[in-house]
Amino acid sequence: MTAPHERILTRISNTELERRWDAVRAQMREHKIDAIVMQNSSDWVGGYVRWFTDQPANNGYPRTVVFHANDPMTVVEMGPFDVVRNLGGKDPLQRGVGKVLCSPSFVSIAPSHNYDADLVVGDLKPRGYKTVGLLAPGMLPHAILSRLKDGLGGNVEFVDVTEWVDTIKAIKSTEEIGLIKRCAAMQDQVFAKVLQFIKPGKRDIDVTGMAQAEGQRLGSEQGIFLGASAKVGVRSPFAQRLMQGRTLEKGDHLSLLIENNGPGGFYAEIARTIVLGKASAELHDGFAAVKEAQDYTLSLMKPGAKPADIHAAHNAYMKEHNMPPEMRLYAHSQGYDMVERPLIRQDEPMPLAENMNFAVHPGYETPSIFAVICDNYLITKTGVSPCLHQTAKKVFEVG
């Protein structure tokens, strides 16, 4: 039989996993933390458990990880009652995991909400820990937090470790950067296929569905594909699949965002506008404007730069060029999460650092235009890398 670990599409190396564990455990020693508790249920914006274990949480099913300072990890995941698998940290699939505990719990089934939490408490209580770290506690279910605090009594101090774990996670290793570049190259291939496929008579969802299938054929696992068409002269914003039922006609245009993960689970994203015919001068001018806004933001991005300063400068630029200021998130880091820190926003305290991966997507909209661009760049010693995407920065005219 094929061993489970041999089925993985793209496997992170043991060396890379050990690099992450060593970096976190060094900080745990410094802060005298005995264990860290985390839980995710999605690999779109739930990348912590994958970063620690190379195994994603997905489909809304919770996956809980207890990362011990001096022992292999404990994992709580979907499975039958009372199943305990003792792996001793040697399993080739569940690497670094000492024990897997199973629980048939679902976020949609209220009576099961305490099952995972009770297994975590049962793992921690006999160890006599004094300090337990909580990773992204705002993401942890109430059942986990309340059960931990009630079940471990008043002798355990709980601390938020998110800030320093996020800092470690945001700076990408050589192996991670290689996978991010593969993701961007995959998205270029997907977009090229879209240009061959799109034509009058196709629905918006036909286009995004083909893009998703092509991405999965090239090694992607998850992602979102936002696309909406309209007649030229009518705004064509991004839309989820529920709203992708329109049929394209000759002369229409479609805004497309491809935001799927690539081999190994790392995200990038690309957005362009496609016209089935000739683009209007307004579309060309709008794209040129957001491309220049992207270039301006990129000129400010370098190690040590403060996101709040970049955000303020960008909004000043937008106003000076008769475009609305950004009230949404227009640039952010990516990794195992579609959106991870640091954000280019007024509320982000984490400064930029070398080897961070950023999606930069300024835009604006009016009743007649949805002007958008999106590409990925790495932070280098002196600024930003060449664009990771090779797709031309233009409005595409096909047919």
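Values computed for the structure shown
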{"read-out": "Amide H partners (placed H, <5 Å) of ALA353, local residues excluded", "value": "GLY304"}
{"read-out": "Inter-centroid distance (Cα atoms) of the range 361-375 relative to the range 51-128, Å", "value": "43 Å"}
{"read-out": "Per-residue Cβ neighbour rank within 10 angstrom, fewest leading, ILE177, ILE258", "value": "ILE177, ILE258"}
{"read-out": "For the chain, share of DSSP beta bridges that run antiparallel, in % to the nearest 5", "value": "75 percent"}
{"read-out": "Residues whose placed amide H lies under 5 Å from that of ILE8, excluding near-sequence neighbours", "value": "none"}
{"read-out": "Order of HIS314, HIS142, HIS113 - criterion: other Cβ atoms within 10 Å of each residue's Cβ, fewest first", "value": "HIS142, HIS113, HIS314"}
{"read-out": "GLY98 long-range amide H proximity, modeled H, under 5 Å", "value": "MET73, THR74, GLY89"}
{"read-out": "Residue with peak Gaussian network fluctuation, the chain [Cα springs, cutoff 10 Å], from ALA143, ALA170, ALA331", "value": "ALA143"}
{"read-out": "Rounded tilt (10° steps) of 115-124 against the dominant C-alpha axis of the chain", "value": "50 degrees"}
{"read-out": "Projected label distance in nm at ARG19 and ALA316, using a 7 Å step from Cα toward the beta-carbon", "value": "3.7 nm"}
{"read-out": "J(HN,Hα) series, the range 83-89, from Karplus relation 6.51 cos²θ - 1.76 cosθ + 1.60, nearest Hz, glycine and proline x", "value": "7, 10, 10, 8, 10, x, x"}
{"read-out": "Under 20 Å from LYS250, Cα to Cα: aspartates and glutamates that are on another chain or at least 8 residues apart", "value": "ASP204, ASP206, GLU282, GLU397"}
{"read-out": "Contact order normalised by residue count of the range 146-288, Cα under 8 Å, 6+ apart, percent", "value": "23 percent"}
{"read-out": "Using θ = phi - 60° and Karplus 6.51 cos²θ - 1.76 cosθ + 1.60, couplings along the range 164-173 (whole Hz; Gly, Pro as x)", "value": "7, 5, 4, 5, 5, 5, 6, 8, 8, 7"}
{"read-out": "Label point distance in nm, VAL45-ASP82, each placed 7 Å from Cα along Cα→Cβ", "value": "4.0 nm"}
{"read-out": "Footprinting exposure proxy for LYS99, LYS199 (fewest neighbouring C-beta atoms within 10 Å first)", "value": "LYS199, LYS99"}
{"read-out": "Loop-resident sites, the range 29-67, for trypsin sites (Lys or Arg not before Pro), counting at most 14 other Cβ within 10 Å (DSSP)", "value": "LYS32"}
{"read-out": "Relative contact order (%) - the chain, alpha-carbon pairs under 8 angstrom, separation at least six", "value": "14 percent"}
{"read-out": "Under Karplus coefficients 6.51, -1.76 and 1.60, residue-wise ³J(HN,Hα) of the range 183-190 in Hz, glycine/proline x", "value": "5, 4, 5, 4, 5, 4, 5, 5"}
{"read-out": "Listed pairs LYS172/LYS393; LYS172/LYS381; LYS172/LYS193; LYS32/LYS130; LYS291/LYS319; LYS99/LYS172 exceeding 19 Å between Cα atoms", "value": "LYS172/LYS393; LYS172/LYS193; LYS99/LYS172"}
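Values in this text are rule-based calculations from the coordinates and carry no lab data. Because the structure is predicted, anything quoted here is derived from the model rather than measured. For neighbour counting, all protein chains shown are included, and Cβ atoms are generated from backbone atoms with ideal geometry for every residue, glycine included.
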